[in-house]
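Step one of this worksheet: look at the structure below.
The values are calculated or read from the model by the stated rules, or taken from the named source; none is laboratory data. The model shown is predicted, which means the values in this text are computed figures rather than measured ones. Please note: Cβ atoms are built from the backbone with ideal geometry, for glycine as well, and neighbour counts cover all protein chains shown.
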């Protein structure tokens, strides 16, 4: 347990020692800040019209939900870059043998790496959440909905990170890991888009779609189906990573 | 008493290629085992298996009495390993890196402090303590690698070519350090520098194409290397039959009519008698030099015999 946290803190600190983490944080913050401001602008423009409508969408619906949806898409593109080096880089720089010949189990290594990378992404989620909180200065927010949005984004990045970690354990080269991760993430994102084209709906594809579960939680409907979907997804990819790392010793 | 390292009938295949073939050996406390072999002989593969970085295709490895396969964590607790490329996080300072290594090995904060202090001193790293590893020279990086392997004072230390990239003074220091550590640890040292083995090791084994072809202790080996031999050069061909009847002379190798190698049994020293005989023969003695069989010779003959 101790070593897990040790590896996690080391990974978290190492990410901040490279310019990558800082760049990602800066770029995302600028773009999402811009999107946030345009949403606020739209809200102030249509505010007068909204008063007339009965049961109109509020500030939270117009500003917060789109912001978190956009953040989801951005993180889909960015997470592969942050996770690609987790195990891959250690293998390429031959530092992996430091972990493998120390008295540490494979699950401890994987979970440590996972938590380390997740730490950075949670910092990102915190920074994104600060934007809607700033609205409290001059308005009121639907707190329940805001927290549902934050929860949805946290679950989303947790799932993204586990997939990225698996690819990083599996791939020989960081870029391969990044592209592979992006592929899998996009696949989970678009898997149920066929449903809108054809009339027939596939329940399996609907269930597998990460976007659908994300949107459901975002809308404030937090139920066990969606939560367990994320938990299962994360657990599956973490287990795959552990097996992948164990196979490292068997290399043919 | 259990062996510190016990390797039993180890096999390792890469696809169809057999890298390690039925290897068995053991190392006890106080032994420094020199692991020799030409490139691609299977040295690194064997060491990777012993340190748990690679799974064997068949066979059994135990470290300090613990089966590496069944109880890997206990086995690895008494293991210090320097791979052929030192595993260094270049973005850390030497001190940060060693602290991390100590924590990974499960040392308590207070022991880490003293362990780092003694290790830095032992490896001559005190002056670069606060520098980033990336900015250090190759030799210093290698020493950080060695420091990382001995930091937690493990019973078993495995060093894969530890003196690569070091300057002659550093090599001398590191060899002295290894000899010193060898007193109360079990060490395996892989290298292809033969003088290194002669200087530091108590046991030698040579591996070639995955097979163990030679295993002996160093004092015995040094004796075989000192087998008596004299190289003689004369102006006119000498009478060899007269030389052969001299006491302790074993055989005479004729290289050319005027050049001979005379082999004799140790520890006798028939050089004076040989010289006297040659002078009475009036064949014009030009040169008389003792020939030492070097470890290179043994190495070459052994590896050539097996290929």
Residue match in the stretch A:132-140 (condition: at pLDDT 95 or above, surrounded by fewer than 23 Cβ atoms within 10 Å (Cβ to Cβ), away from chain B (no Cβ under 14 Å) and touching a helix residue (DSSP H, G or I) at 6+ places or on another chain (Cβ under 7 Å)): no
Residue B:14 more than 30 Å from residue B:135 (Cβ to Cβ) and at the interface with chain A (Cβ under 10 Å from one of its Cβ atoms): yes
Verdict on residue B:245 being under 37 Å from the mean Cα position of the chain (by Cα) and either farther than 30 Å from residue B:25 by Cβ or touching a residue at least 12 places away in the same chain (Cβ under 8 Å) (or both): no
Selected residue (only one of A:207, A:229 is without any contact (Cβ under 8 Å) to a residue 40 or more places away in the chain, part of a helix (DSSP H, G or I), within 16 Å of residue A:158 (Cα to Cα) and touching a helix residue (DSSP H, G or I) at 6+ places or on another chain (Cβ under 9 Å)): A:229
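For every residue, the table says whether it meets (1) within 30 Å of residue B:195 (Cβ to Cβ); (2) assigned by TED's automatic domain parsing to the domain that holds residue B:181; (3) in contact with a helix residue (DSSP H, G or I) (Cβ under 7 Å, 6 or more places away or on another chain); (4) modelled with pLDDT of 90 or more.
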position: B:36; (1), (2), (3), (4): yes, yes, yes, no
position: B:66; (1), (2), (3), (4): no, yes, yes, yes
position: B:86; (1), (2), (3), (4): yes, yes, yes, yes
position: B:90; (1), (2), (3), (4): no, yes, yes, yes
position: B:109; (1), (2), (3), (4): no, yes, no, yes
Residue that is farthest from residue B:153 (Cα to Cα) [pool: residues in the stretch B:88-114 that are within 10 Å of chain A (Cβ to nearest Cβ) and part of a loop (DSSP other than H, G, I, E, B)]: B:91
From A:109, A:150, A:163, A:128, residue being more than 18 Å from residue A:20 (Cβ to Cβ), touching a residue at least 12 places away in the same chain (Cβ under 8 Å) and within 14 Å of chain B (Cβ to nearest Cβ): A:109
Leading residue by the ranking (farthest from residue A:247 (Cα to Cα)) among those in the stretch B:71-87 that are in a loop (DSSP other than H, G, I, E, B) and free of Cβ contacts under 8 Å to residues at least 40 places away in the same chain: B:85
Check on residue A:82, in contact with a helix residue (DSSP H, G or I) (Cβ under 7 Å, 6 or more places away or on another chain) and assigned to a loop (DSSP other than H, G, I, E, B): no
Subset tally (residues that are more than 7 Å from chain A (Cβ to nearest Cβ), under 19 Å from residue B:158 (Cβ atoms) and out of contact with any strand residue (DSSP E or B) (no Cβ under 7 Å at 6 or more places or on another chain)) for the stretch B:68-87: 4
Options B:65, B:139: the member that is away from chain A (no Cβ under 14 Å) and on the phi < 0 side of the Ramachandran plot: B:139
Qualifying strands (runs of 3 or more DSSP E) (wholly inside the stretch B:1-70; at least 2 residues being without any contact (Cβ under 8 Å) to a residue 24 or more places away in the chain and under 30 Å from residue B:300 (Cα atoms)): B:17-27
Answer from A:116, A:72 - the residue that is within 14 Å of chain B (Cβ to nearest Cβ), touching a residue at least 60 places away in the same chain (Cβ under 8 Å) and either part of a helix (DSSP H, G or I) or closer than 17 Å to residue A:220 by Cα (or both): A:116
Search result, residues across the stretch B:133-151 that are surrounded by 15 or more Cβ atoms within 10 Å (Cβ to Cβ) and either not in a helix (DSSP H, G or I) or not assigned by TED's automatic domain parsing to the domain that holds residue B:190 (or both): B:136, B:151
Out of B:99, B:119, sole residue that is free of Cβ contacts under 8 Å to residues at least 60 places away in the same chain, under 25 Å from residue B:35 (Cα atoms) and within 30 Å of the chain's Cα centre (by Cα): B:119
